[in-house]
């Protein structure tokens with residue numbers, strides 16, 4: 001068993017807090033769940049956010065080389081670029097943010113510069129201090145690889161754990 005970094009009970013409290021912030025900030029928000037690591041977090045957010053306008057799943061391929069994330073790659077669902085509804089606030093949702101590269105990459109691929117003010121970012125966990133999402137549940141130190149709560153390789157864990165490199 002991997003040691004808990006964030007318990008399932010703490011995750012539930014953080015999800016409730018983040019859902020409330022999203023609901024209060026954005027009337028009829030469009031939620032963009034960054035797959036595949038954020039599927040559990042995204043599902044928990046969807047169940048709690050009030051008055052959603054639209055939900056989209058975005059598949060982002062992120063690899064790690066020598067312990068550091070590589071440039072993300074975006075794959076469109078159904079082979080076509082999703083429609084960005086310009087009059088709504090859009091919330092990009094990811095379970096973890098390390099450098100903000102995934103959020104920035106998605107914004108650069110899907111959103112025109114003039115529409116960027118309508119984008120907010122939400123992460124359960126912000127690692128380190130390089131990037132702060134608009135809404136963040138918990139900030140942790142940058143060391144170690146996180147798993148659990150939908151993140152591989154131990155997706156089945158109901159909590160977030162840290163895998164220590166040896």
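The values are calculated or read from the model by the stated rules, or taken from the named source; none is laboratory data. Note that the structure is predicted; figures quoted are calculated from it, not measured. Glycine gets a Cβ as well: all are built from the backbone with ideal geometry, and neighbour counts include every protein chain shown.
Go through region 82-106 residue by residue and tally those that are at pLDDT below 75 and within 13 Å of residue 32 (Cα to Cα).
Qualifying residue count for the region: 4.
Pull up region 20-43, narrow it to residues that are in a helix (DSSP H, G or I) and in contact with a strand residue (DSSP E or B) (Cβ under 9 Å, 6 or more places away or on another chain), then point me to the one that is surrounded by the most Cβ atoms within 10 Å (Cβ to Cβ).
If we take residues in region 20-43 being in a helix (DSSP H, G or I) and in contact with a strand residue (DSSP E or B) (Cβ under 9 Å, 6 or more places away or on another chain), then 41 is surrounded by the most Cβ atoms within 10 Å (Cβ to Cβ).
Yes/no per residue for (1) over 28 Å from residue 3 (Cα atoms); (2) over 12 Å from the mean Cα position of the chain (by Cα); (3) surrounded by fewer than 18 Cβ atoms within 10 Å (Cβ to Cβ):
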| position | (1), (2), (3) |
| --- | --- |
| 87 | yes, yes, yes |
| 92 | yes, no, no |
| 110 | yes, yes, no |
| 123 | no, no, no |
| 147 | no, yes, no |
| 158 | no, yes, yes |
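Any chance you could count how many residues in region 131-166 are closer than 17 Å to residue 102 by Cβ and out of contact with any strand residue (DSSP E or B) (no Cβ under 9 Å at 6 or more places or on another chain)?
Within region 131-166, residues that are closer than 17 Å to residue 102 by Cβ and out of contact with any strand residue (DSSP E or B) (no Cβ under 9 Å at 6 or more places or on another chain) number 1.
So residue 99 clears everything in (1) assigned to a strand (DSSP E or B); (2) closer than 21 Å to residue 59 by Cα except one condition, right? Which one?
Among (1) assigned to a strand (DSSP E or B); (2) closer than 21 Å to residue 59 by Cα, the lone unmet condition for residue 99 is (1).
Here are some conditions: (1) under 29 Å from residue 9 (Cβ atoms); (2) within 12 Å of the chain's Cα centre (by Cα). Residue 131 meets all but one. Which one does it not meet?
Tallying (1) under 29 Å from residue 9 (Cβ atoms); (2) within 12 Å of the chain's Cα centre (by Cα), residue 131 fails exactly one: (2).
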